[in-house]
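Before anything else, here's the structure in question.
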Amino acid sequence: MGLERSRSLLPQKFGKLITVLSIDGGGIRGLIPGVILAFLESELQRLDGEDARLADYFDVIAGTSTGGLVTAMLTAPNEKNRPLFAARDIKKFYLDNSPKIFPQNKSKLFRHAAKVLKSLSGPKYNGKYLHSLVKEKLGDTKLDRTLTNVVIPTFDIKNLQPTIFSSFQVKHNPSLNALLSDICIATSAAPTYLPAHYFQTKDAEGKAMREFNLIDGGVAANNPALVAVGEVTREIIENSPDFVAIRPLEYDRFLVISLGTGCHKARKYSADEAAKWGVLGWLTGNGSTPLVDVFNQAGADMVSLYLSVVLKALSSQKTYLRIQDDTLLGQISSVDVATLKNLNDLVEVGEQLLKRPVSRLNLDTGNYQPYGHETNAEALKRFAELLSQEKRLRESNSKIPSGNIIADKA
């Protein structure tokens with residue numbers, strides 16, 4: 001497995017909380033969490049100095065698709081063994097590169113028709129610029145070299161099963177120790193948009209260990225927060241020396257920040273109209289794509305449901321924060337309309353989202369509703385203080401003989 005990686009954060013066994021950051025998939029809409037992450041990191045820098053980085057505070061950072069790319073940017077080491085990107089750099093990265101990853105037809109009149117015709121014969125985009133960019137930035141860095149634990153979902157279409165690239169699992173399964181560049185290309189390979197990705201992992205002698213045939217992890221877990229919590233839980237069950245055991249109902253020890261990339265305000269349907277649909281109706285009902293809407297909404301809501309139960313999110317704002325905008329309409333809800341105007345509009349969505357009240361998903365209506373009295377910015381400031389306190393506690397406890405450490409509940 002090579003040399004032990006240099007951790008940015010001391011193990012949780014020295015502290016109270018298990019800290020998790022999760023970033024959804026969503027193509028160019030990764031600009032929205034990019035804005036929010038820059039705000040959070042700036043608050044941590046206000047508390048702990050300008051060198052503070054997000055990887056210094058989270059036990060695990062999880063991301064799917066565009067969120068997986070952001071995860072790699074925040075956790076891959078540079079030549080000084082510090083994060084390759086600061087959170088404030090994410091916005092510029094998307095503004096500079098999105099138009100080249102998703103090149104637009106200059107004629108608005110033919111843009112949509114051209115994309116439809118292209119999608120009938122292959123993916124809309126060849127992915128060449130994205131692949132070269134990711135390989136240039138991440139180089140030969142492998143999964144086991146990230147500065148904190150990462151969890152990045154993909155889906156293997158040859159085995160028809162999710163493949164989770166996890167820092168926790170790679171310790172026991174070296175065949176998962178892939179290049180971060182391959183993992184990012186795979187988790188971003190959204191069907192019809194970008195080509196599926198094939199690669200192999202190899203051992204120290206260059207012998208192939210495992211082959212992968214992967215597409216976007218969003219088909220399995222577009223919101224990877226629950227996957228990340230599950231990975232940590234497995235580590236605890238298996239008595240990892242990095243974590244203090246928790247009792248079955250002690251999930252309030254988790255501090256989770258889950259960032260959405262915004263989602264289309266989906267059209268809703270009645271049983272009467274759906275009863276008349278065949279294959280074509282489910283794919284193109286009333287000018288929309290009901291089947292896609294149903295699957296996307298169902299997957300997102302099930303993650304929210306389970307997290308709400310596991311983390312007691314319906315009764316407490318203490319250690320779980322979900323930031324999402326479910327009101328996007330038109331081009332701004334797309335994953336690939338990378339025009340300058342649309343990209344800047346997405347930045348504005350992120351900035352306005354900071355000013356909006358903290359919201360929770362109403363599982364009866366399917367809509368996000370204000371919860372409590374904080375704005376998202378105020379909640380992030382409070383979470384920054386919790387993260388800073390946790391980091392300082394771990395640093396303090398690491399100097400105390402292990403038998404004298406008492407990990408009281410936060």
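The values are calculated or read from the model by the stated rules, or taken from the named source; none is laboratory data. If you're wondering where the values come from, they're calculated on a predicted model, not measured in any experiment. Here Cβ is always computed from backbone atoms with ideal geometry, including for glycine, and neighbour counts include all displayed protein chains. For the accessible areas, the whole protein counts, side chains as well, though only heavy atoms, and no ligand, DNA or RNA atoms are used. Shrake-Rupley method; radii C 1.70, N 1.55, O 1.52, S 1.80 Å.
Just to confirm, what accessible area per residue do you get for the stretch 44-97 at 1.4 Å probe, in whole Å²?
Details: 1910 Å² over 54 residues.
Normalised by residue count, the accessible surface of the stretch 44-97 is 35 Å².
For LEU311, what residues show an amide H to amide H distance below 5 Å, using hydrogens built from the backbone and excluding near sequence neighbours?
none
Taking θ as phi - 60°, what are the ³J(HN,Hα) couplings along the stretch 38-53 by the Karplus curve (6.51, -1.76, 1.60), each to the nearest whole Hz, with x for Gly and Pro?
So the Karplus estimates, Gly and Pro as x, are 4, 5, 4, 5, 5, 5, 5, 5, 4, 7, 10, x, 5, 7, 4, 9 Hz.
On a 20 Å Cα-Cα criterion, which of the cross-link pairs LYS135/LYS202; LYS91/LYS142; LYS92/LYS341; LYS100/LYS128 come out too long?
Those over the limit are LYS91/LYS142.
Suppose accessible area is computed on protein heavy atoms with a 1.4 Å probe; arrange GLU79, GLU231 from highest to lowest.
Working: GLU79 165, GLU231 10 Å².
Solvent-accessible surface, decreasing: GLU79, GLU231.
Right, here's the next one. Amide H to amide H, which residues 5 or more places from ILE23 or on other chains are under 5 Å from it, using H placed in the peptide plane?
The list, which skips near neighbours in sequence, is ALA62, GLY63, THR64, LEU259.
Determine one quarter of the surface area of the Cα convex hull of the stretch 298-389, which equals its mean projected area, and express it in nm² to one decimal.
Its Cα hull, projected and averaged over all orientations, spans 7.2 nm².
Would you work out the relative contact order for the stretch 29-108, in percent, from Cα pairs under 8 angstrom that are 6 or more residues apart?
Normalised by residue count, the contact order of the stretch 29-108 is 33 percent.
Could you work out [θ]222 nm for the chain from helices alone, using -39500 (n - 2.57) per DSSP H run of at least four and dividing by all its residues? Round to the nearest 500 deg cm²/dmol.
Helix contribution divided over all residues of the chain: -12500 deg cm²/dmol.
Right, here's the next one. Give the residue list of trypsin sites (Lys or Arg not before Pro) in the stretch 120-206 that are DSSP loop and have at most 16 other beta-carbon atoms within 10 angstrom.
On the way: sites: LYS124, LYS128, LYS135, LYS137, LYS142, ARG145, LYS158, LYS171, LYS202; in loops: LYS124, LYS158, LYS171.
Sparse-neighbourhood loop trypsin sites (Lys or Arg not before Pro): LYS158, LYS171.
Ignoring ligands, DNA and RNA, please state the percent of accessible area on the chain from carbon and sulfur, probe 1.4 Å. Display every interim value, and only then the final one.
Numbers: 10700 of 19160 Å².
Within the chain, the accessible surface is 56 percent carbon and sulfur.
Treat every Asp and Glu Cβ in the stretch 19-87 as -1 and every Lys and Arg Cβ as +1, leave all other atoms uncharged, and give the resulting dipole magnitude about the Cα centre to the nearest 20 debye.
Magnitude of the dipole: close to 200 debye.
With the Cα gyration tensor of the stretch 190-239 giving a ≥ b ≥ c as the square roots of its eigenvalues, does the rule (a/c under 1.5 for rounded; else a/b larger than b/c for prolate; else oblate) give rounded, prolate or oblate?
The shape class here is oblate.
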